[in-house]
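> Submitted below is the structure of interest, expressed as structure tokens.
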Amino acid sequence: MYVYSFSQNLLNFPQTIAIPFYYYDTVPIVLLIVMQAMLYIIVKYKGLDTVNLFQDYMIQRNVKGLNKNLRSIFHSFKNTLFTIKILAMQAETGMGGIEGMNAIKRIQEVTEFSLDSMTRMLNSFNEIKINTVRCRVIDIVENALKRVEFSENITIKKKYIFPNVEANIDEYHMTEVLINLLHNACDAINSAKRKQGIIQVEISAEHEWAIIKVTDNGTGISKKDQRNIFKPFVTSKSRQNNWGVGLSYAFRVVRAHLGFITVDSIENEYTTFQILLFRAGGYEEI
């Protein structure tokens, strides 16, 4: 009986709680005073420096990464110049002979490749101005394929599902983007030492998008590198001939077209780059 009575009293909550009327006037004023006091303390004792310190840390980290990549680039350029110097000495020693002629030919090849790489690098830093025209996507793809020299161990497979799909494209920049992707595919296949390298180029369309895919069976890209692959100077390849600006340039060009570029890859198996561009004339036209 005692327990029952105690339980009843324990569960007997008051129906209403009386709040003194002066709380409605006093509490807001107290809260306002406390907030002003906190703001005064933050300003006086430089509490906002925490935010500034975080910003400084992020800036310093980015600058450190940039300096590291620039050092790598100039180191590779130094190695290239050193190679040219050695070849020039060999050419001088073997002047008039076969070895001398081979050295001179090699100097020309190294110089041309270095100049081309430097030109591409400088162009990637220029402000990208897009001048689009309505054209068939297949024409851009075919033009890029013609401008790339593929080694004998690489087979090009074309899968043109929608060959007549059109988009508003800057022909120069988009061709350069595809050339970069094809060069990367070749490098990945050669780095993997594939006896039978395959690069598949696909053109398709879905709803309002024209889609270009470039797939290779090269070395693949790790999950870690995939997260940063479109950032400037990021590359998983040797710095001797690759300075990590091609994919950042591709990203900027595609985004300037209001499109998207993505990567899907498994290490030692494949890599697929996919470009989505707005179709011209609506997706009813095929």
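The values are calculated or read from the model by the stated rules, or taken from the named source; none is laboratory data. This one's a predicted model, so the numbers in the text were calculated from it and none came from an experiment. Here the Cβ is made from the backbone with ideal geometry for all residues, glycine too, and neighbour counts use every protein chain on show.
> Quick one: which residue in Glu109, Glu92, Glu166 is over 30 Å from Glu267 (Cα atoms) and either assigned by TED's automatic domain parsing to the domain that holds Thr271 or modelled with pLDDT of 90 or more (or both)? Quick ask: steps written out before the conclusion?
Numbers: Glu109 fails: either assigned by TED's automatic domain parsing to the domain that holds Thr271 or modelled with pLDDT of 90 or more (or both); Glu92 fails: either assigned by TED's automatic domain parsing to the domain that holds Thr271 or modelled with pLDDT of 90 or more (or both).
Only one candidate qualifies: Glu166.
> Look through the stretch 183-210, keep the residues that are outside any helix (DSSP H, G or I) and among the small types (Gly, Ala, Ser), and return whichever of them is nearest to the chain's Cα centre (by Cα). First the steps, then the outcome.
Filtering the stretch 183-210 down to residues outside any helix (DSSP H, G or I) leaves 192-210.
Then drop every residue that is not among the small types (Gly, Ala, Ser), which leaves 192, 197, 204-205, 210.
Numbers: Ala192: 22, Gly197: 24, Ser204: 23, Ala205: 23, Ala210: 20 Å.
Of everything passing the filter in the stretch 183-210, Ala210 is nearest to the chain's Cα centre (by Cα).
> Oh, and also: Of the residues that make up the stretch 164-182, is at least one surrounded by 14 or more Cβ atoms within 10 Å (Cβ to Cβ), in a loop (DSSP other than H, G, I, E, B) and acidic (Asp, Glu)?
Start the filter on the stretch 164-182 by keeping residues that are surrounded by 14 or more Cβ atoms within 10 Å (Cβ to Cβ), which leaves 165-171, 173-182.
With the extra rule that they be in a loop (DSSP other than H, G, I, E, B), the set shrinks to 165, 170.
Now restrict to residues that are acidic (Asp, Glu): 170.
There is at least one residue in the stretch 164-182 that is surrounded by 14 or more Cβ atoms within 10 Å (Cβ to Cβ), in a loop (DSSP other than H, G, I, E, B) and acidic (Asp, Glu).
> Related question: Among the listed residues Ile138, Ile169, Ile161, identify the single one that is in contact with a Pro (Cβ under 7 Å, 6 or more places away or on another chain) and within 23 Å of Glu206 (Cβ to Cβ). Before you say what the answer is, go through the steps one by one.
Details: Ile169 fails: in contact with a Pro (Cβ under 7 Å, 6 or more places away or on another chain); Ile161 fails: in contact with a Pro (Cβ under 7 Å, 6 or more places away or on another chain).
Criteria check complete, one pass: Ile138.
> Sticking with this one: Do the conditions hold for Asn62, that is, is it part of a helix (DSSP H, G or I), in contact with a Gly (Cβ under 7 Å, 6 or more places away or on another chain) and modelled with pLDDT under 65?
Working: part of a helix (DSSP H, G or I): yes; in contact with a Gly (Cβ under 7 Å, 6 or more places away or on another chain): no; modelled with pLDDT under 65: yes.
So Asn62 does not fit the description; no.
> List pairs: first residue in the stretch 188-217 and within 29 Å of Leu258 (Cα to Cα) and not assigned by TED's automatic domain parsing to the domain that holds Lys158, second residue modelled with pLDDT under 95 and surrounded by fewer than 22 Cβ atoms within 10 Å (Cβ to Cβ) anywhere in the structure, Cβ distance under 9 angstrom, at least six positions apart or on different chains.
none
> Among the candidates Ala210, Ala192, Ala167, Ala185, which residue alone is out of contact with any Phe, Trp or Tyr (no Cβ under 9 Å at 6 or more places or on another chain) and of a type in the set (A, V, I, L, M, F, W, C)? Working first, answer last.
Working: Ala210 fails: out of contact with any Phe, Trp or Tyr (no Cβ under 9 Å at 6 or more places or on another chain); Ala167 fails: out of contact with any Phe, Trp or Tyr (no Cβ under 9 Å at 6 or more places or on another chain); Ala185 fails: out of contact with any Phe, Trp or Tyr (no Cβ under 9 Å at 6 or more places or on another chain).
Answer to the check: Ala192.
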